[in-house]
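Q: Take this structure first; my questions come after.
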Amino acid sequence: MLKKWWHNTIGYQIYPKSFQDTNGDGIGDLKGVTAHLDDLADLGINVIWLCPVNKSPMKDHGYDVSDYDEIDPMFGCKDDLRELIAKAEERGIKILMDLVVNHTSSEHPWFQKALEDPDGEYGKYYIIQEGKDGKEPNNWRSIFGGSAWEWIKDTNLYYLHLFTKWQPDLNWENPVVRQQIYDMVNRWLDLGIRGFRVDAISHLKKDFTYQNLPSDGADGYVNGFPYFSNVDGIGTFLSELQETTFKRYDAMTIGEVDDDLPADVLSDFIGENGYFSTIFDFCHAKFHVNSAEWKDKPVEMIDALKKRLFARQDTIKGKGILCNFLENHDLPRIVERLIPAKEIDFYSRSMVGGINFFLPGIVFLYQGQAIGMMDYPKESIEAFVDPSTFIHYDEYLQNGMTKAEALAQINLKTREHARTPMQWNDGPYAGFSSADPWFQVNPNYRQINYDAQKKDPDSLYAFYKKMISLRKSDEFQELFLYGEFTPVYESEPGVIGYERRLDDKSVLVINNAKSTETILPIPGTIKKVLLSNYENPVLQNGNIKLQRYQLLILECV
Ligand code: GLC
Ligand code: CA
């Protein structure tokens, strides 16, 4: 495999709004990121992905860009970004931005001009269609719920928005739009950022043979994914984007691509000359131990997850490098998703952190993950702030749930859990801000915070540091990056185990992802315990006894 600079990435995703406020307005900012670079370097990361900081009316918290070339004043200015890039570079950390080009904000001047004159030049920047019989052009449901079309006042026209109505989809079929985007991308690369996380990129191409399909919900709409997700022909846009921008700068790019990408196109996406450097592996995103499907079946759930993880490794083999992650700004916190509430403690948390950390691929952590930040369920729907939460809530009511049931469902699934302010210390507002933050701090900050864990050699934070330094160690970095992957103990319930091997070096990673102990035979001879979240492994006549939620990494011969 051709070696690339980003292969050794230990990434860290920052949701700037909730990371650190430095000017007392209750909103995190770029200077707040710069202020914590030493902390991030201490953890051992070397790449930061900043969620969107472009100018935006913030209907979708920055995923609705109204000016691609400006930083939103709430986050600071371009000089703050330049400073962040320079100071990060001094610590060996590279900065990636979020690239949101499937859609713009409805307040983007292009869209405003399109509304004024839908038949004019800017009307062609978006996807605008005639309505049918006084209704939308078709019955696609938006990804956030409701129709994917919004009526344009005083016309028979509708514009497409796969996300909220404040996020009109750009028309990538229009070469003028594409060129505008490429030029903009290159301006940011010229400024010194080293790449992008590429938002919602599977949706760039739409199948224009619009069809009304039978509705699959009480709202009369239908999930139209086959018509707007990884549609045939998307590669033409993606390769043009790559050739015209990323490739010229040797940029690192992580595509947000759903994990149903057909195996035969994987190499096109992330092969040596792929559209992206890597894509996220969303395998785990579908699992929640408190969902109707998995309630009271935690071990069966882990086995289903293992099956997906391993199948994914099979598909990816030889085709490219995956980006392994567990948390992001669109998902509840990982420990809540995988571990039954009564079992949550240091052991289960640290084991979960390791569940995909040593698989082939690069790794990305999300802010707060390394200190084990948790979901913050709300007592009332009004305590939430994200439009998509409210759209889903209404949908649940429409489908017959009571208000209490709908709220419970939101509390289980909402992405807003990941967006509570970062818990730095046990002072006011958890040290995030000196003023009332834009979104409520989780009251558990007195127990769970960065300062306390940084001082404690037995904390979760300390354990994440150990995992990172093992992956980065001179001795094992190459093995974790390029070594073979072979499942071990595959049929053992609740155990995710595998061997990583490079030349004559072999490492066995075992996650006992359940609340009971497991006795397993050791294949080969143990040379060294590389990492464990318990004191020492217990050996018994060639077997090893793993305690509940033990993560054990052994070098074997
Ligand atoms: C991506 C982002 C999400 C956003 C959506 C629309 O999925 O991660 O936060 O709402 O795209 O841009
Ligand atoms: Ca601020």
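Q: Does segment 205-215 include one or more residues that are away from ligand 1 (no atom under 16 Å from the Cβ), of a type outside the set (D, E, K, R), surrounded by 14 or more Cβ atoms within 10 Å (Cβ to Cβ) and closer than 25 Å to T278 by Cβ?
A: Taking every residue of segment 205-215 in turn, none turns out to be away from ligand 1 (no atom under 16 Å from the Cβ), of a type outside the set (D, E, K, R), surrounded by 14 or more Cβ atoms within 10 Å (Cβ to Cβ) and closer than 25 Å to T278 by Cβ.
Q: Select from segment 228-245 the residues that are touching a residue at least 40 places away in the same chain (Cβ under 8 Å) and open to solvent by 30 Å² or more (accessible area, probe 1.4 Å) and list them in ascending order.
A: Initially, segment 228-245 is screened for residues touching a residue at least 40 places away in the same chain (Cβ under 8 Å), giving 228, 235, 237, 240-241, 244-245.
Of everything in segment 228-245, just one residue is touching a residue at least 40 places away in the same chain (Cβ under 8 Å) and open to solvent by 30 Å² or more (accessible area, probe 1.4 Å), namely E240.
Q: Here is a follow-up. Given the residues E130, E173, E121, which is the only one that is surrounded by fewer than 19 Cβ atoms within 10 Å (Cβ to Cβ), farther than 23 Å from I391 by Cβ and in contact with a strand residue (DSSP E or B) (Cβ under 8 Å, 6 or more places away or on another chain)? Give the derivation first.
A: Numbers: E173 fails: in contact with a strand residue (DSSP E or B) (Cβ under 8 Å, 6 or more places away or on another chain); E121 fails: in contact with a strand residue (DSSP E or B) (Cβ under 8 Å, 6 or more places away or on another chain).
Within the list E130, E173, E121, the selection yields E130.
Q: Being in contact with a Gly (Cβ under 6 Å, 6 or more places away or on another chain), among the hydrophobic types (A, V, I, L, M, F, W, C) and in the same structural domain as K247 (by TED's automatic domain parsing) is true for just one of V65, V47. Which residue is that?
A: Values: V65 fails: in contact with a Gly (Cβ under 6 Å, 6 or more places away or on another chain).
Just one listed residue meets the conditions, V47.
Q: For segment 29-52, which positions are farther than 27 Å from F463 by Cα and within 16 Å of ligand 1 (Cβ to nearest atom)? Talk me through it step by step, then tell me what you get.
A: Let us first name the residues in segment 29-52 that are farther than 27 Å from F463 by Cα, namely 29-31, 52.
Listed by number, the list holds a single entry, P52.
Q: Does segment 91-107 contain at least one residue that is at pLDDT 95 or above, within 16 Å of ligand 2 (Cβ to nearest atom) and of a type in the set (S, T, N, Q)?
A: We begin by selecting, within segment 91-107, every residue at pLDDT 95 or above; these are 91-107.
If we keep only those that are within 16 Å of ligand 2 (Cβ to nearest atom) as well, we get none.
The answer is no, given that none of the residues of segment 91-107 is at pLDDT 95 or above, within 16 Å of ligand 2 (Cβ to nearest atom) and of a type in the set (S, T, N, Q).
Q: Report, by residue number, each residue of segment 1-33 that is among the hydroxyl-bearing types (S, T, Y) and crowded, with 20+ Cβ neighbours inside 10 Å. Give the steps one after another, and end with the answer.
A: If we filter segment 1-33 for residues that are among the hydroxyl-bearing types (S, T, Y), which is where we start, we get 9, 12, 15, 18, 22.
Across segment 1-33, the qualifying residues are T9, Y12, Y15, S18.
Q: Consider P16 carefully, then state whether it is farther than 25 Å from D250 by Cβ and over 21 Å from the mean Cα position of the chain (by Cα). So that I can check it myself, show each step before the final result.
A: Details: farther than 25 Å from D250 by Cβ: yes; over 21 Å from the mean Cα position of the chain (by Cα): no.
In short, no.
Q: Tell me the residue from K59, K55 that is basic (K, R), within 16 Å of ligand 1 (Cβ to nearest atom) and free of Cβ contacts under 8 Å to residues at least 40 places away in the same chain, please. If you could, list the steps in order and put the result at the bottom.
A: Working: K59 fails: free of Cβ contacts under 8 Å to residues at least 40 places away in the same chain.
Testing whether each residue is basic (K, R), within 16 Å of ligand 1 (Cβ to nearest atom) and free of Cβ contacts under 8 Å to residues at least 40 places away in the same chain leaves just K55.
Q: Next up: Would you confirm whether any residue within segment 47-56 is within 24 Å of N186 (Cα to Cα), of a type in the set (G, A, S), open to solvent by less than 30 Å² (accessible area, probe 1.4 Å) and within 16 Å of ligand 2 (Cβ to nearest atom)? Before the answer, list the steps.
A: So in segment 47-56, the residues within 24 Å of N186 (Cα to Cα) come out as 47-56.
Going one step further and asking which of them are of a type in the set (G, A, S), we end up with 56.
Adding the requirement that they be open to solvent by less than 30 Å² (accessible area, probe 1.4 Å) leaves 56.
Still in the running and within 16 Å of ligand 2 (Cβ to nearest atom): 56.
Yes, some residue in segment 47-56 is within 24 Å of N186 (Cα to Cα), of a type in the set (G, A, S), open to solvent by less than 30 Å² (accessible area, probe 1.4 Å) and within 16 Å of ligand 2 (Cβ to nearest atom).
Q: OK, next. Restricting to segment 155-168, and then to whatever is crowded, with 22+ Cβ neighbours inside 10 Å and within 24 Å of the chain's Cα centre (by Cα), can you tell me which residue is nearest to D117 (Cα to Cα)?
A: Here the answer is P168.
Q: If you go through segment 68-112 one residue at a time, how many are within 16 Å of ligand 1 (Cβ to nearest atom) and open to solvent by 40 Å² or more (accessible area, probe 1.4 Å)?
A: Of the residues in that region, 1 qualify.
Q: Check D60, D69, D79 and return the single one that is acidic (D, E), assigned to a loop (DSSP other than H, G, I, E, B) and at negative phi. If you could, list the steps in order and put the result at the bottom.
A: Working: D69 fails: assigned to a loop (DSSP other than H, G, I, E, B); D79 fails: assigned to a loop (DSSP other than H, G, I, E, B).
Step by step, each of D60, D69, D79 is checked, and only D60 is acidic (D, E), assigned to a loop (DSSP other than H, G, I, E, B) and at negative phi.
Q: Turning to a different aspect of this structure: Looking at A370, is it away from ligand 2 (no atom under 16 Å from the Cβ) and more than 19 Å from the chain's Cα centre (by Cα)? It would help to see each step written out before you state the result.
A: On the way: away from ligand 2 (no atom under 16 Å from the Cβ): yes; more than 19 Å from the chain's Cα centre (by Cα): no.
Criteria not met by A370.
Q: If you take the residues in segment 10-29 that are polar (S, T, N, Q) and in a loop (DSSP other than H, G, I, E, B), which one is farthest from ligand 2 (Cβ to nearest atom)? Lay out the reasoning, then the answer.
A: Just the residues of segment 10-29 that are polar (S, T, N, Q), to begin with: 13, 18, 20, 22-23.
So of that shortlist, the ones also in a loop (DSSP other than H, G, I, E, B) come out as 20, 22-23.
Values: Q20: 8, T22: 6, N23: 5 Å.
Within segment 10-29, the match that is farthest from ligand 2 (Cβ to nearest atom) is Q20.
Q: Can you name the condition, by its number, that S433 falls short on among (1) assigned by TED's automatic domain parsing to the domain that holds I27; (2) free of Cβ contacts under 8 Å to residues at least 40 places away in the same chain; (3) of a type in the set (S, T, N, Q)?
A: (2)
Q: Here's another thing I want to ask about it. Identify the residue in segment 342-368 that is touching a residue at least 24 places away in the same chain (Cβ under 8 Å), farther than 26 Å from E499 by Cβ and assigned to a helix (DSSP H, G or I) and, among all such residues, is least open to solvent (accessible area, probe 1.4 Å).
A: E343
Q: If you take the residues in segment 252-272 that are modelled with pLDDT of 95 or more and of a type in the set (D, E), which one is least open to solvent (accessible area, probe 1.4 Å)?
A: E256
Per-residue answers, yes or no, for (1) within 16 Å of ligand 2 (Cβ to nearest atom); (2) without any contact (Cβ under 8 Å) to a residue 40 or more places away in the chain; (3) in contact with a Lys or Arg (Cβ under 7 Å, 6 or more places away or on another chain); (4) at negative phi:
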{"site": "Q129", "(1), (2), (3), (4)": "no, no, no, yes"}
{"site": "F144", "(1), (2), (3), (4)": "no, no, no, yes"}
{"site": "A148", "(1), (2), (3), (4)": "no, no, yes, yes"}
{"site": "T155", "(1), (2), (3), (4)": "no, yes, no, yes"}
{"site": "L162", "(1), (2), (3), (4)": "no, no, no, yes"}
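Q: Just to be sure before I move on: is R187 open to solvent by 60 Å² or more (accessible area, probe 1.4 Å) and touching a residue at least 24 places away in the same chain (Cβ under 8 Å) in the structure I sent? Don't jump to the end; show me each part of the working.
A: Numbers: open to solvent by 60 Å² or more (accessible area, probe 1.4 Å): yes; touching a residue at least 24 places away in the same chain (Cβ under 8 Å): yes.
Criteria met by R187.
Q: Continuing with the same structure: Got a number for residues in segment 30-40 being away from ligand 2 (no atom under 16 Å from the Cβ) and touching a helix residue (DSSP H, G or I) at 6+ places or on another chain (Cβ under 9 Å)? Full working, then the answer.
A: First, pick out the residues of segment 30-40 that are away from ligand 2 (no atom under 16 Å from the Cβ): 37-40.
Still in the list and also touching a helix residue (DSSP H, G or I) at 6+ places or on another chain (Cβ under 9 Å): 37, 39-40.
Matching residues across segment 30-40 total 3.
The values are calculated or read from the model by the stated rules, or taken from the named source; none is laboratory data. Note that the structure is a prediction, hence the values are computed from the model and not measured. Cβ coordinates were reconstructed from backbone atoms using ideal geometry, including for glycine residues, and neighbour counts include every protein chain displayed. All accessible areas refer to the heavy atoms of the entire protein, side chains included, with ligands and DNA or RNA removed. Shrake-Rupley method; radii C 1.70, N 1.55, O 1.52, S 1.80 Å.
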